[in-house]
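Asker: Before anything else, here's the structure in question.
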Amino acid sequence: MNNNETHIPIQRSEDIVTAREQARALGRAAGFNGSDLTLIATAISEVTRNIVEHAKRGELVLCLISVGSKRGISIVARDEGPGIPDVARAMQYGYSSRNGLGVGLPGARWLMDEFDIVSKVGKGTIITMRKWAG
Ligand SMILES: Nc1ncnc2c1ncn2[C@@H]1O[C@H](COP(=O)(O)OP(=O)(O)O)[C@@H](O)[C@H]1O
Ligand SMILES: [Mg+2]
């Protein structure tokens with residue numbers, strides 16, 4: 001576990017607001033511009049809303065990262081919910097298992113520079129996203 005990590009429990013919609021605010025504050029410190037901060041907050045809204053709606057509870061872990069002179073933010077959304085039986089299908093634009101819009105996962109992937117999803121039925125889901133500043 002990294003000292004610079006911020007862990008935010010996600011269980012209800014207020015937690016989504018907290019996660020967005022924390023990411024904005026961290027991202028600002030990393031040098032992200034205002035429009036990038038909004039894109040990051042939007043991606044966070046989608047993955048945390050998915051936790052609330054599809055997995056009931058989980059957590060978001062935020063961390064500032066750097067490689068050489070590049071600075072960025074790492075965002076991990078994880079839960080021990082039901083998992084996703086067909087990740088490729090869940091990543092398709094418009095697919096929803098319960099009459100949602102089905103744009104959350106593909107939208108988050110599009111907004112971030114790196115996106116990785118690992119999900120196991122009966123175990124849960126881990127989404128790792130990164131965005132680089134500048
Ligand atoms: N954390 C999660 N746990 C279990 N299933 C999930 C999770 N996140 C997404 N899913 C599944 O992936 C589908 C697509 O997610 P998304 O693109 O956000 O669409 P929506 O939330 O509108 O249904 C969801 O309908 C759900 O079946
Ligand atoms: Mg969704």
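Asker: If the cut-off is a Cα-Cα distance under 23 Å, which lysines reach LYS131, setting aside same-chain residues fewer than 8 apart in sequence?
Answerer: LYS70
Asker: Measure of size requested: the Rg and Dmax of the stretch 63-125, with Cα atoms as the atom set and Å as the unit; please supply both.
Answerer: Cα radius of gyration and Dmax of the stretch 63-125 are 13.9, 44 Å respectively.
Asker: Take MET91, MET112 and order them by how many other Cβ atoms sit within 10 Å, fewest up front. Walk me through the numbers before you get to the answer.
Answerer: Values: MET91 16, MET112 24.
Taking fewest neighbouring Cβ atoms as first place, the list is MET91, MET112.
Asker: To continue, here is another question. Give me LYS123, LYS131 ranked fewest to most by other Cβ atoms within 10 Å of their Cβ, as a rough exposure proxy.
Answerer: LYS123, LYS131
Asker: Any idea what Rg and Dmax come out to for the stretch 11-88 if you just take the C-alpha atoms, in Å?
Answerer: 13.4, 39
Asker: Could you tell me which chymotrypsin sites (Phe, Trp or Tyr not before Pro) in the stretch 75-133 are loop residues by DSSP with no more than 12 other beta carbons within 10 angstrom of their beta carbon?
Answerer: TYR93
Asker: Right, here's the next one. Using Cα centres only, tell me the gap between the stretch 28-79 and the stretch 11-26 in whole Å.
Answerer: 9
Asker: The stretch 1-30: which trypsin sites (Lys or Arg not before Pro) are DSSP loop and have at most 13 other beta-carbon atoms within 10 angstrom?
Answerer: ARG12
No value in this document is a laboratory result; all are computed from the given coordinates. Fair warning: this is a prediction, and the values are worked out from it, not measured in the lab. Ideal geometry is used to build each Cβ from the backbone, glycine not excepted, and the neighbour counts take in all protein chains shown.
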